[in-house]
Structure formats: structure tokens, C-alpha cells
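The values are calculated or read from the model by the stated rules, or taken from the named source; none is laboratory data. These numbers come from a predicted model, not from an experiment. Cβ: placed from backbone, ideal geometry, glycine included. Neighbour counts: every protein chain shown. Each accessible area value is taken on the protein alone, full model and side chains, heavy atoms only, with ligands, DNA and RNA left out. Shrake-Rupley method; radii C 1.70, N 1.55, O 1.52, S 1.80 Å.
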Amino acid sequence: MSNTTRRHLLAGGVLLASTGVAIAQEVARRLFYAPVSTGEERGPPIQQRTATTRRLFKCPAGYPNALSSSPAGLWIAEQRIDNGREQIWRVDSTGVVLQTTSSDATDTSGAAYGDGVLWVCANSETNQGVYETSLDGLTLSHRQVPLGPAQLAGGCHGATWHDGFLWVTANRPRAILRIDPKTWTVGYLIPFGLPEGLTRYHGCAVLGDSMYMVSGGESRTYADGQTNLIRYDLATGVIREIFDFAPGSCDPHGLAVHEGRLIACDSGLHPGWDSRYDVPGLGKRTSPSAGWVFEIELET
């Protein structure tokens, strides 16, 4: 065999090896395809980018499960596991508590500040709907999520206030509903339309011309959990991008836009995950970022 031939074979081997690595990396990344409703097996691939998180501050002891922005600071609502009354804190940009209040919601999984009040989402089996709550903790109204039964119409896993409307990620219709707070009617909705492999959903927030929603699949530990951030076109509801969180990122539950940035919180409770991050005296914890508020930074 000539030296020239040998060099060509070696070069070909390197090319194949490098190609093999590229293919392996491509396969390792979970790809998502647009959902379809017209008979095709699947739609086109959805653009994917990476998101990272940057810790800002830790919340008071509890399970912060909902987050909302206001001119007077961030509102953080907790979910409890001991049946106690769930608290809501207003904090400044460094996490200093400025006010503590509460609501009649249980298993709180969404909260939004709008029109001078808090809209707090109950997500338990026996207590559902949205509590319109004054800033000193008084229930002004309690209404079920629209488009469902008169009682126990399903919970919701997130809420945000935008352009005079309350938006909730509603469990039963599996859609982000835009609710008129005065008539309590739905004038527009964004179907989750989750691609195969995404079965969970949580906080939502509007940034620019997009609606963002936290989503993820089924897993048993933080280490193998895969949480994503879905970007919908606000005007059409079409999924434009899906962001994969980089390894080691915080686990987002509540979501808000504050001072032009995407902000999230980690309640520390993720159904199905083990409790390896338990804190003595504070109960079950399932992620190392439990209790943190953090910024989400999107790859450009």
C-alpha cells in the first residue's frame, strides 16, 4: 500500500469518525416536531436553542411555585404540603421581603398581579379556580376556569397579566386562555400543542410578541429531568422555538417578565422526582435550586 493511499484511508477514517460523533450528538439531542392535525405522521422540526439560568436570590422558607411582576416589586406565591394557609410575598429586586400576605387558594400554581389585585390559581383536587385577592389577603371573588363545569372546572399551572387580560395555563382544555377579568370570558386561546415527549406545563409569560411557557417530560430525578421553554407566536399561537435548558440549570416552575427579563422560580417540588435534596426541618426537596428565583438567559 502506498503512503498516498494510506494517508487517504486515514483521512477517510478521521472523517467517518468525526461524522459519527456528529451523528451521535444529533441523536442524543431530543428533537421536537410540530404537531399536526391533518393526517401526517409529524410536522417539520421545530427550531431549538439553549437556555441557561442565573440565580438571583432565595425566597423565604417555603415552596415558591408562582411568580408575577408589578411596579412595586415581584410577587411570589408558595405552595404548601402541610395544608397551611399559603403565603404570598412581595420582594424587591434583591429578594428583601417588603410585604407578606396570603390567599384562599391551595396548591397554588400560578399568580398574576393586574388591575391592582392578585389573581391566584388554586390547583388542588378539591379547591380549583382563580381567587381574585386584595393585596391584604381578602378574597374579592372566586371563579372557576372558563370552558369547564360550574364547579371544579380544573386547575391551572401558571398565570400572567398582559394588556389588561389575565392569561392562565389551564389544565382541562390544555391551553393558555386569555380571560377578560370583567366578563370572565375567553376571547382567545393558545393550544399547548405540545410535541411528543413534552407532557408537563407550568408558568407562562409574555415578552415582546411571544408567549413563553415552561414545559417538560416525565422523569424521576433532577439529573435526568428535561425541562424546556416553549416560545409561541402571541398573535397566532404557533410554536416558534423550543429552548433546552443547559445541564445544571435551575428547574423553572413560576415564570414572569420583570424589567424586560424572563424570571422564574423553583418550588423544589417536582412530581415523580426523588427527595435527595431534602432540607432538615423544611421537608421534601427535589432539586438543588429549590427556593431560588433566577433569570433565564436565551441563547442568541
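Looking at the structure I just gave you, is ASP251 open to solvent by less than 10 Å² (accessible area, probe 1.4 Å) and either of a type in the set (D, E, K, R) or closer than 17 Å to SER210 by Cα (or both)? Give the derivation first.
Values: open to solvent by less than 10 Å² (accessible area, probe 1.4 Å): yes; either of a type in the set (D, E, K, R) or closer than 17 Å to SER210 by Cα (or both): yes.
Yes; evaluated as a whole, the condition is true for this residue.
Which condition number does THR106 fail, the rest of (1) hydroxyl-bearing (Ser, Thr, Tyr); (2) under 20 Å from HIS270 (Cα atoms); (3) open to solvent by less than 30 Å² (accessible area, probe 1.4 Å) being met?
(3)
Yes/no matrix, rows are residues, columns are (1) touching a Lys or Arg at 6+ places or on another chain (Cβ under 8 Å); (2) aliphatic (A, V, I, L, M):
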position	(1), (2)
PHE165	yes, no
VAL186	yes, yes
ASP209	no, no
SER215	yes, no
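Any chance you could count how many residues in region 67-98 are in contact (Cβ under 8 Å) with a residue 24 or more places away in the chain, more than 20 Å from ALA290 (Cα to Cα) and open to solvent by 50 Å² or more (accessible area, probe 1.4 Å)?
2
Against the condition open to solvent by 10 Å² or more (accessible area, probe 1.4 Å) and under 24 Å from ARG261 (Cα atoms), how does PRO64 come out, does it pass?
Details: open to solvent by 10 Å² or more (accessible area, probe 1.4 Å): no; under 24 Å from ARG261 (Cα atoms): yes.
The answer is no for PRO64.
Pick from ALA105, ALA61: which is outside any strand (DSSP E or B) and touching an Asp or Glu at 6+ places or on another chain (Cβ under 8 Å)? First the steps, then the outcome.
Details: ALA61 fails: touching an Asp or Glu at 6+ places or on another chain (Cβ under 8 Å).
The unique qualifying residue is ALA105.
Can you list the strands (runs of 3 or more DSSP E) lying wholly within region 176-274 that have 1 or more residues being among the hydroxyl-bearing types (Ser, Thr, Tyr) and either within 20 Å of ALA112 (Cβ to Cβ) or free of Cβ contacts under 8 Å to residues at least 24 places away in the same chain (or both)? Please lay out each step first, then the result.
Values: elements: 185-191, 200-207, 210-216, 227-233, 239-245, 254-258, 261-265.
Answer list for region 176-274: 185-191, 200-207, 210-216, 227-233.
Give just the number: which of (1) over 26 Å from TYR33 (Cα atoms); (2) open to solvent by less than 70 Å² (accessible area, probe 1.4 Å) does PHE243 not satisfy?
Result: PHE243 fails condition (1) only.
It is to be established whether one or more residues within region 205-213 are among the hydroxyl-bearing types (Ser, Thr, Tyr) and open to solvent by less than 30 Å² (accessible area, probe 1.4 Å).
Restricting attention to region 205-213, the residues satisfying the condition of being among the hydroxyl-bearing types (Ser, Thr, Tyr) are 210, 212.
Then keep just the ones that are open to solvent by less than 30 Å² (accessible area, probe 1.4 Å); that gives 210, 212.
Taking every residue of region 205-213 in turn, at least one turns out to be among the hydroxyl-bearing types (Ser, Thr, Tyr) and open to solvent by less than 30 Å² (accessible area, probe 1.4 Å).
Take the conditions in contact with a His (Cβ under 7 Å, 6 or more places away or on another chain) and crowded, with 22+ Cβ neighbours inside 10 Å and apply them to HIS270. Does it pass? Give the steps one after another, and end with the answer.
Working: in contact with a His (Cβ under 7 Å, 6 or more places away or on another chain): no; crowded, with 22+ Cβ neighbours inside 10 Å: yes.
For HIS270, the condition - in contact with a His (Cβ under 7 Å, 6 or more places away or on another chain) and crowded, with 22+ Cβ neighbours inside 10 Å - is not met.
Determine whether TYR131 is at pLDDT 95 or above and crowded, with 16+ Cβ neighbours inside 10 Å.
Details: at pLDDT 95 or above: yes; crowded, with 16+ Cβ neighbours inside 10 Å: yes.
Here the answer is yes, as TYR131 does meet what is asked.
Considering each of LEU166, LEU194 in turn, give the residue that is surrounded by fewer than 23 Cβ atoms within 10 Å (Cβ to Cβ), closer than 25 Å to ARG42 by Cα and hydrophobic (A, V, I, L, M, F, W, C). Spell out the reasoning first.
Details: LEU166 fails: closer than 25 Å to ARG42 by Cα.
Only one candidate passes the filter, namely LEU194.
Just wondering, is there one or more residues in region 141-157 that are open to solvent by 60 Å² or more (accessible area, probe 1.4 Å), out of contact with any Asp or Glu (no Cβ under 6 Å at 6 or more places or on another chain) and farther than 27 Å from ASN83 by Cβ?
Scanning region 141-157 turns up at least one residue that is open to solvent by 60 Å² or more (accessible area, probe 1.4 Å), out of contact with any Asp or Glu (no Cβ under 6 Å at 6 or more places or on another chain) and farther than 27 Å from ASN83 by Cβ.
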